[in-house]
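Please read the structure below before turning to the comments.
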Amino acid sequence: MNENKFWELIERANEVSKGDADQKLEALKQEIEQLTPDEIVEYAKLFQEKEIKAYRWDLWAAAYVIYGGCGDDSFMDFRASLICMGKQIYENAVLRPDSLADVEFGDVEGRIVL
């Protein structure tokens with residue numbers, strides 16, 4: 001599992017779901033279930049690396065503004081949702097958190113896919 005394949009899995013789930021969060025999670029789960037055990041471990045490592053890279057005060061501030069408050073657990077869910085939105089949104093947010101101003105997040109609670 002390399003980074004390109006990681007993002008391809010997420011993009012396929014986004015295409016299938018057409019914006020529905022529950023469908024996206026189910027599609028991503030199905031993608032992950034088709035991986036080998038070693039690929040699943042690599043996927044989890046890459047996901048965790050992305051979460052750590054997004055663990056920044058400026059992104060936490062953005063999450064706080066978006067949701068009108070953001071505690072530890074909510075910020076973890078926010079970062080997972082950010083990753084699941086795809087490479088472009090994720091990378092733009094890491095570079096410029098203000099890029100999230102026009103992004104629709106919806107409810108992120110409990111929406112982590114590792």
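The values are calculated or read from the model by the stated rules, or taken from the named source; none is laboratory data. In this text, all values refer to a predicted model and were calculated from it rather than measured experimentally. Cβ: placed from backbone, ideal geometry, glycine included. Neighbour counts: every protein chain shown. Just the protein is used for accessible areas: all its heavy atoms, side chains included, with ligands, DNA and RNA removed. Shrake-Rupley method; radii C 1.70, N 1.55, O 1.52, S 1.80 Å.
Using the alpha-carbon positions of the stretch 1-102, Rg (one decimal) and Dmax (whole number) come out as 13.7, 40 Å.
Within the full protein context, the accessible area of Asp77 is estimated at about 20 Å² for a probe radius of 1.4 Å.
Shown for the chain are no DSSP H helices, since none reaches 27 Å along its axis, judged by Cα atoms, with a mean Kyte-Doolittle hydropathy of at least 1.0.
Averaged over its residues, the stretch 51-92 has an accessible area of 53 Å² per residue, based on protein heavy atoms and a 1.4 Å probe. Across the protein chains, with a 1.4 Å probe defining accessible surface, the residues Val65, Val41 rank Val65, Val41 from largest area downward.
Counting only protein heavy atoms and a probe of 1.4 Å, the accessible surface of the stretch 4-114 is 50% carbon and sulfur. Distance between the modelled labels on Glu91 and Ala61, one decimal in nanometres: 2.5 nm (7 Å Cα→Cβ projection). These residues, Val16, Val103, go from largest to smallest accessible area, 1.4 Å probe, as Val16, Val103. Taking all protein chains together and rolling a 1.4 Å probe, Trp7 ends up with roughly 10 Å² accessible.
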